[in-house]
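Reading through the structure tokens given below for one structure.
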Amino acid sequence: MLRHYYITDDLDDLELVEQELEAEGITEPQIHILSENDTEVENHHLHEVEAVLKQDVVHSTEVGAMVGVVGAALTLLVSYLMGWTESSAGWLPVIFLAIIVLGFCTWEGGFIGIQKPNVNFERFQDLLKKGKHILFVDVDANQEQAFSKVIEAHPALEAAGTGAATPRWVVRGQDKFRSFMKTMP
């Protein structure tokens, strides 16, 4: 999958674009609108980016976890080399300390991420502050032609590049979950 980014200031046009994309078989989990005007996005029934994904929580938590793994490994290594594991307590306190280091670093990474915009959206921050809206669509190779047809019909959309998309299996899982929830009483 490939993610396509477009910039606009017309939410009415975005509403039409979403309807046309869905008519062409591009599903709801593939289409997102990034905006600072969440109320208007909701009033237009557009698929907005979840608040937690606007921040860098996921990426920063992953970075914190990697730092935590290194910290935990260093804790274990230093304790072994210093001979602290030879005491009557043995490895147990050292292992608990390593787990605490891993957990703290992971938590701290997420905490830092709450305070920063998502790394994938940083380049759009100035545009968002100016009242623009960002449409991004994750498209399969077999959907590119239908996608291009819809986008070409809306010249007000300004192309803003491409990027890494949500993995196909995640999008398909979201589709199946939505289908399941619609069929349940």
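The values are calculated or read from the model by the stated rules, or taken from the named source; none is laboratory data. Source: prediction; values computed, not measured. Backbone-built Cβ (ideal geometry, glycine too); neighbour counts: all protein chains shown. Heads up: the accessible areas ignore ligands, DNA and RNA and are worked out on the full protein's heavy atoms, side chains in. Shrake-Rupley method; radii C 1.70, N 1.55, O 1.52, S 1.80 Å.
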Which order, highest average first, do 8-14, 50-56 follow once you tally other Cβ atoms within 10 Å for each residue and take the mean per peptide?
8-14, 50-56
Output needed for region 64-185: three equivalent-ellipsoid semi-axes, defined as square roots of 5 times the C-alpha gyration tensor eigenvalues, in descending order, whole Å.
47, 21, 14
Calculate one ³J(HN,Hα) per residue across region 118-124 by plugging θ = phi - 60° into the Karplus curve 6.51 cos²θ - 1.76 cosθ + 1.60, and present them in order as whole Hz with x for glycine and proline.
3, 4, 6, 10, 4, 5, 9
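Report, to the nearest whole %, how much of the accessible area of the chain belongs to carbon and sulfur atoms, 1.4 Å probe, protein only.
The nonpolar share, carbon plus sulfur, comes to 62 percent.
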Per-residue ³J(HN,Hα) for region 176-185, Karplus 6.51 cos²θ - 1.76 cosθ + 1.60, θ = phi - 60°, Hz, x for Gly and Pro
5, 5, 4, 4, 4, 5, 6, 7, 6, x
Mean accessible area per residue over region 46-106 (1.4 angstrom probe, all protein chains present, square angstrom) is 64
Counting lysine pairs in the chain that sit 8 or more positions apart or on different chains, with Cα atoms under 29 Å apart, gives 13
Probe 1.4 Å, all protein chains in place: accessible area of Leu102 in Å², nearest 10?
60
What FRET efficiency do you get for Trp169 and Met66 if R0 is 25 Å and r is their Cβ-Cβ distance, rounded to the nearest 0.05?
0.65
Rounded to a whole number, the Stokes-Einstein D of region 1-130 in µm²/s (Kirkwood radius over Cα pairs; 10 °C; 1.306 mPa s) is 88
Report, in whole Å, the centroid distance computed from the Cα atoms of region 1-78 and region 137-180.
13
Can you list residues from other chains, or at least 5 along the same chain, whose modelled amide H is less than 5 Å from the amide H of Lys116?
Asp56
